[in-house]
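Trainee: Quick one: structure below, then a few questions.
The values are calculated or read from the model by the stated rules, or taken from the named source; none is laboratory data. Only a predicted model underlies this, so the values are computations on that prediction, with no experimental measurement involved. Quick reminder, even Gly has a Cβ in these numbers, built from the backbone with ideal geometry, and neighbours come from all protein chains shown. These area figures cover heavy atoms from the full protein model, side chains too; ligands, DNA and RNA do not enter into them. Shrake-Rupley method; radii C 1.70, N 1.55, O 1.52, S 1.80 Å.
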Amino acid sequence: PPRSTLFPYTTLFRSGVFNAGTLNYYGFDLSLEYLPVDWLQLNAGWSWIESSYTKFAFPTVGEVPSQDLSGSTPAQVPKDSITASAKFIWPVPSTVGNINSTVSLYHRSQTNFADLFNACNPGTGECLNPNANTAPAYTVFDFSSFWNNVFGSHIDLNAYVKNVGDKRYIIYQSGQAALGYATTNYGEPRTFGVGIRYNFK
């Protein structure tokens, strides 16, 4: 078809599924719980993963040339994932109810969004930022508080704040070099919430 000023070139999209060959994958999970006093509970977890393709020959697909991805790290596999929390149990009389508050942390190290990132547009020669395939490390904090059996009643109350520091972080990104942009999904911004529940028992 004739080219227009709005669409100066024609792009054909192709997709396929390929066998990655072999993958070397090892690591460990560590979980800890510590109760220094009756009113405080501390938890922590650490997942460490070392992974790489030992053999991955990616064939030519359309404008994307063949590549040897052997030795590269698989997408969506962060080396470190860390969780931690501190739960405070308020020392109040039983007639008041049961109150506890928790501060939690989640950390994810840098990772890649995709195994193969085609950063250049074959029609124009323009390239996206190579970092568009890299998810930077991020850390978020959450807070929650529960008040059960409010003053001996059947009512439970709760409140929470997700992403307390209002951290702006990317959870997924897909480079669309042929169209000159990348689609990006961000994590939830700071979010507040409250809840109430009635127990009929």
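Trainee: Roughly how many nanometres apart are two label points built 7 Å out from the Cα toward the Cβ at residue 149 and residue 26?
Mentor: A separation of 5.1 nm, rounded to one decimal place.
Trainee: What net charge do the residues around residue 55 carry, taking every other residue with its C-beta under 14 Å from that of residue 55, with Lys and Arg at +1 and Asp and Glu at -1?
Mentor: Neighbourhood net charge equals -2.
Trainee: Still on this structure: Using only the heavy atoms of the protein chains and a 1.4 Å probe, how would 145, 70, 51 rank by accessible area, largest first?
Mentor: 70, 145, 51
Trainee: Please give the length that would be gained between residue 42 and residue 94 if that part of the chain were fully extended, namely 0.36 nm times their separation in residues minus their C-alpha to C-alpha distance (nm, one decimal).
Mentor: The residue 42-residue 94 span can extend by a further 16.4 nm.
Trainee: Under a plain spin-label model, where a point goes 7 Å from the Cα along Cα-to-Cβ, how far apart in nm are residue 84 and residue 50?
Mentor: Output for this residue pair reads 2.4 nm.
Trainee: What FRET efficiency would be calculated for the residue pair residue 192, residue 116, taking the C-beta separation as r and a Förster radius of 35 Å, to the nearest 0.05?
Mentor: Once the sixth-power term is evaluated, E becomes 0.30.
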